[in-house]
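The values are calculated or read from the model by the stated rules, or taken from the named source; none is laboratory data. As the structure is a prediction and not an experimental result, all values here were calculated from the model. When we count neighbours, we look across all protein chains shown, and the Cβ atoms used for this are built from the backbone with ideal geometry, even at glycine. Ligands, DNA and RNA are excluded from the accessible area calculation, which covers all protein heavy atoms including side chains. Shrake-Rupley method; radii C 1.70, N 1.55, O 1.52, S 1.80 Å.
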Amino acid sequence: MDDPFDLSDPPPPGRAPAAPAPAAPVEAPYLVGLNDSQRDAVEATEGPVLMLAGAGTGKTRALTTRLAHILVLGKARPWEMLAVTFTNKAAREMQNRVADLLGRPVEGWWVGTFHALGARIIRKHAEAVGLKPNFTILDADDQQRLVKQLLEAAGVDEKRWPPRTVLGVIQRWKDRGLTPEKVTDAEGSEVADGQALELYGQYQQRLKTLNAADFGDLLLLCLEIFQKQPEILKQYQQKFRYILVDEYQDTNVAQYLWLRLLAQGQQNICCVGDDDQSIYSWRGAEIGNILRFDEDFPGARVIRLERNYRSTPHILGAASGLIANNEGRLGKTLFTEEGNGEGERVRVIGVWDGEEEARTVGDEIEVLHSKGHALNQIAVLVRAGFQTREFEERLITLGIPYRVVGGARFYERLEIRDAIAYLRVIVQPDDDLAFERIVNVPSRGIGKVTLQTIHMAARAEGVSLTAAVRSLLETDELKPKMRNALGNLLEDFDRWRRQMDVLDHVDLAETVLDESGYTEKWQRDKSPEAPGRLENLKEMMVALGEFENLGGFLEHVSLVMDNEDNTNDDMVSLMTLHGAKGLEFDTVFLPGWEEGLFPHQLALDDAGLNGLEEERRLAYVGLTRARRRACVSYAANRRIYGQWQSALPSRFINELPPDHIDASVQPGLYGGTAGSGLEEEQAYFGNGASRAFKRRRAQPMIEATWRTADSGAGGGDFSPGQRVFHQKFGYGRIKSIDGSKLEIAFEKAGTKKVMAGFVEAV
């Protein structure tokens, strides 16, 4: 049989091929242009291989060339190869690139996501796990509806334990490869009144009754088949002569176990990944999978791809110096041999507050664009979603088109729309759209039948929904429970309207969200999105405080929402750092590098040192998105939930190698006194901060002078009782001194704690 991947021309019909003339070996065209490390990774076809591929090092080219090389050499036929990706897009790109290299499509090979490949295997052996081959894969809504039924049957309070929360716990168990029998009693004791484990078992049984599986089952059931039916596992071990896995650093426990079982047959597994870009532990990724690769597969080759084809030497130097502070890594150093010079240093800018930060970034984007810089090659990468609000509003003011990648614009987010709907009903009781949106948010037991009754009454009387409800409360049209719920809601709105005359509009909004139960709704929600939603609500309060009254704010929101999406592709990209992985831009702005925001306090509280190292990897990912220029910024103050809080620069700033950064501070950052702020960085980071910041190059718009503080500087020359001035809080007297922190009784702002460098004696 002819080799289907023989790239030579076939002999003419009816004639035997002539004997080939001796010739020097010709290098395969697909190998031309590979660097030495890439070529090693392509040609190391036998045995376990870890391709440790740094950011921008051409790993996609290396892995697709490796697949083509194995096929051309005839080491395996397409259906004897397994290629695993994390997204369907990546799978399609892999197929297309290999086809381009071979000059023809590749038919019959196993390439796809973990879930798609798992489903393919389960359908062939469904009976082994109590299913039929035509089983249904439930989507998220169906899964939540099923869990809701189980919660009701078990008598679990759905308000305290929402279906999504309980389902999240079950999915985390599945990500770890745990069936109900393998989960310990202690693990589920704090969830769903201690019934989580029992609910998990009931959920799995119900899925089988429905002849259905969820996404977590697509690997969990595969593991069950392989572990309980060793003859089936052996078939696949013999079938897949070569296995290739992309983004190995993002695998969870179940994916790791699945791959390891399949690879035990031929041992020809090649995993591609970057331990320095493992940033998804919150969704189950285990960095340990890539760190212990050589232990799991003895004799494995680790091939490092370190030549970067994306960024300038200064950007690479800054990123490499930062990530070197992590202990949990295999180690590699990115370099470039491109002839584009050193490029610009990574700029580090200190500003007074978030508004000044957005203004500075927006103005720089405007200047870059005026010089011909494409907007679609500019990105603003934030740590938390709420940070986009100030940048969105600044870009709208400047008339610069933008897109929020991977999420809705700030005022289009679900929690913001809900909160604004409450405020709209307070200002305008006849706003039916707003009222209908929040009448059962959070849940008040008001269902479709009740809403239909309200709508019928409103149409019959020709009044708004709110007015119709008032009429229905005086009749027996509604059940007593519904009348009580709606009556309480209208009483709440009436009370909030009366408070408009006595409460500050920000205080009123906080009161509404608290008394309505909306804030508590997200506090109780245990999903990964809940903390971000709470942060967005806090940021909305900051935005609200920038207006004189509630009406002015709502009018502003209407104008912003009316700002139609520009169909022009040339737009600035706003996104979170997590959403930026895999992307690249000529210019990247990295705002909000402050302690508590980045590294994020929740990551430090939940995971300690591991959380800190993942945050540092996230910073590394952000820096390495930039091709030509990167700008890090931090603010001395952030307004959180309407309250000003002093902020310290992120420890990551001090970890950036001085030779690769250009650090500056905006005039007036520390009360307008030249050189009055470095003490704060030194008190927190040590004298290394002065070395880093003094290496800046002066720039007209951000020129300022730093001075080196005496070692051990704390409150300086300040003393209790002394009168001082703070640029935001005004005049006050010092009550107490704690190192570099001062407790000051301000004449108008009340008692607050601030850094000594932010005030001046008067």
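Some points to look at:
- Of 364, 286, the order by accessible heavy-atom surface (1.4 Å probe, DNA, RNA and ligands excluded), from most exposed downward, is 286, 364.
- Amide hydrogen proximity for residue 113: with H placed 1.01 Å from N in the peptide plane, the residues at 5 or more positions away or on another chain lying under 5 Å are 85.
- Compared with the alpha-carbon gap, the fully stretched path from residue 449 to residue 184 is longer by 91.1 nm at 0.36 nm per residue.
- Antiparallel beta bridges, as assigned by DSSP with both residues in the chain, represent about 35 percent of the total such bridges.
- Cα gyration tensor category, rounded, prolate or oblate, for the chain with a/c compared to 1.5: oblate
- Vicinal HN-Hα couplings computed from phi for the stretch 276-281 (Karplus, 6.51 cos²θ - 1.76 cosθ + 1.60; Hz; Gly/Pro x): 6, 10, 7, 10, 10, 4
- Karplus-derived 3J(HN,Hα) values for the stretch 321-328, using 6.51 cos²θ - 1.76 cosθ + 1.60 with θ = phi - 60°, are x, 5, 6, 5, 6, 7, 8, x Hz; glycine and proline are entered as x.
- FRET efficiency, residue 136 to residue 239 (Cβ-Cβ, R0 25 Å, nearest 0.05): 0.40
- Cross-link partners of residue 538 among lysines (Cα-Cα below 19 Å; sequence separation of 8 or more within a chain): 521, 526
- Förster-model FRET efficiency, 41 Å R0, residue 160 and residue 93, C-beta, rounded to 0.05: 0.40
- Full extension of the segment from residue 490 to residue 374, taken as 0.36 nm per residue of separation minus the current Cα-Cα distance, would add 36.6 nm.
- Cα pair distances exceeding 22 angstrom across the stretch 308-419, given as percent: 51
- Karplus (6.51, -1.76, 1.60) ³J(HN,Hα), θ = phi - 60°, over the stretch 196-202, in Hz, Gly and Pro reported as x: 4, 5, 5, 5, 4, x, 5
- Based on the convex hull around the alpha carbon atoms, the stretch 89-240 presents an average projected area of 10.6 nm².
- Per-peptide packing, taken as the mean over residues of other Cβ atoms within 10 Å, places 630-638, 240-248 in the sequence 630-638, 240-248 from highest down.
- Expressed as a whole percent, the accessible area of the chain that falls on carbon and sulfur atoms is 48 (1.4 Å probe).
- Modelled spin labels at residue 733 and residue 292, positioned 7 Å past Cα toward Cβ, are 6.3 nm from each other.
- 5 angstrom amide H check on residue 664, placed H, neighbours 5+ away: 348, 349, 350
- Virtual spin-label span in nm between residue 606 and residue 398, 7 Å along Cα→Cβ: 3.3
- Here the gap between residue 77 and residue 210, fully extended at 0.36 nm per residue and compared with their Cα-Cα distance, gives a gain of 44.1 nm.
- Sorting the segments 435-446, 268-279 by their mean number of nearby beta carbons within 10 angstrom, highest to lowest, gives 268-279, 435-446.
- Relative contact order of the chain, pairs being alpha-carbon contacts under 8 Å that are 6 or more residues apart, as %: 13
- Cross-link pairs beyond the 23 Å C-alpha cut-off, checked among 59/239; 59/332; 174/239; 89/148; 75/124; 174/448: 59/239; 174/239; 89/148; 75/124; 174/448
- Probe 1.4 Å, protein heavy atoms only - accessible area per residue of the chain in square angstrom: 45
- Anisotropy class of the stretch 577-648 from Cα gyration tensor, a/c 1.5 cut: oblate
- Taking only the Cα atoms of the stretch 138-180, the radius of gyration and Dmax are 10.6, 29 Å.
- The stretch 473-487 residues near the modelled residue 440 label - backbone nitrogen below 16 Å, point 7 Å along Cα→Cβ: 478-487
- Cα-centre dipole for the chain with unit charges at Cβ (Lys and Arg positive, Asp and Glu negative), debye to 20: 1320
- Normalised radius of gyration (Cα atoms, divided by 2.2 N^0.38 Å) for the stretch 50-123: 1.11.
- Tensor-based shape of the stretch 97-172 (alpha-carbon gyration tensor, a/c under 1.5 rounded, otherwise prolate or oblate): prolate
- Cα→Cβ-extended label distance, 7 Å offset, between residue 502 and residue 198, nm: 4.8
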